[in-house]
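Structure, as structure tokens:
The values are calculated or read from the model by the stated rules, or taken from the named source; none is laboratory data. Bear in mind that the values here come from a model prediction, so they are computed numbers and not experimental data. All Cβ positions, even for glycine, are placed from backbone atoms using ideal geometry, and neighbour counts span all protein chains on display.
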Amino acid sequence: MEVVHNQAAQRFELQIGEFTPVLDYRLQDKTIAFTHTGVPTALEGNGIGSFIVRAGLDYAREQGYQVIPLCSFVAAYIRRHPEYEDLLNKPLAKVSF
């Protein structure tokens, strides 16, 4: 599986058959706010959301961006994977949803 970065749409996409899971974001200066993770119901529970979020976070790290996890799925992923906490522009406990 390959995650595609669609910069024009400000999202990461993953094509799986007829389905397109996405991770939407908004970029301002050196801060990336992940706003929505969308995985079609037929694909839920297969790690697809985690796969695409990991790709987005890895991109943020490569670009030197600070992350604002406005999407609760992204925030939960970071809580489960503390190796990404250094990307946060403030601690998760202080991030409001």
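Here is how the numbers come out for the structure above:
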{"item": "Filter result (more than 21 Å from Q63 (Cα to Cα) and of a type in the set (A, V, I, L, M, F, W, C)) within segment 9-50", "result": "I16, F19, V39, A42, L43, I48"}
{"item": "Residues located in segment 40-74, provided they are more than 12 Å from the chain's Cα centre (by Cα) and aliphatic (A, V, I, L, M)", "result": "A42, L43"}
{"item": "Enumeration of residues in segment 2-41 that are exposed (fewer than 11 other Cβ atoms within 10 Å of the Cβ) and either of a type in the set (A, V, I, L, M, F, W, C) or not in a strand (DSSP E or B) (or both)", "result": "E2, Q7, A8, G17, E18, D29, T41"}
{"item": "Residue tally, condition part of a helix (DSSP H, G or I) and either of a type in the set (K, R) or touching a helix residue (DSSP H, G or I) at 6+ places or on another chain (Cβ under 7 Å) (or both), over segment 64-74", "result": "2"}
{"item": "Which listed residue, of R26, R54, R61, is out of contact with any helix residue (DSSP H, G or I) (no Cβ under 8 Å at 6 or more places or on another chain), within 26 Å of A8 (Cβ to Cβ), touching a residue at least 12 places away in the same chain (Cβ under 8 Å) and among the charged types (D, E, K, R)", "result": "R26"}
{"item": "Residue in segment 30-57 that is modelled with the lowest pLDDT, counting only those that are of a type in the set (D, E, K, R) and within 13 Å of V67 (Cβ to Cβ)", "result": "K30"}
{"item": "Residue check, I78 within 16 Å of E13 (Cβ to Cβ), touching a residue at least 12 places away in the same chain (Cβ under 8 Å) and not charged (D, E, K, R)", "result": "no"}
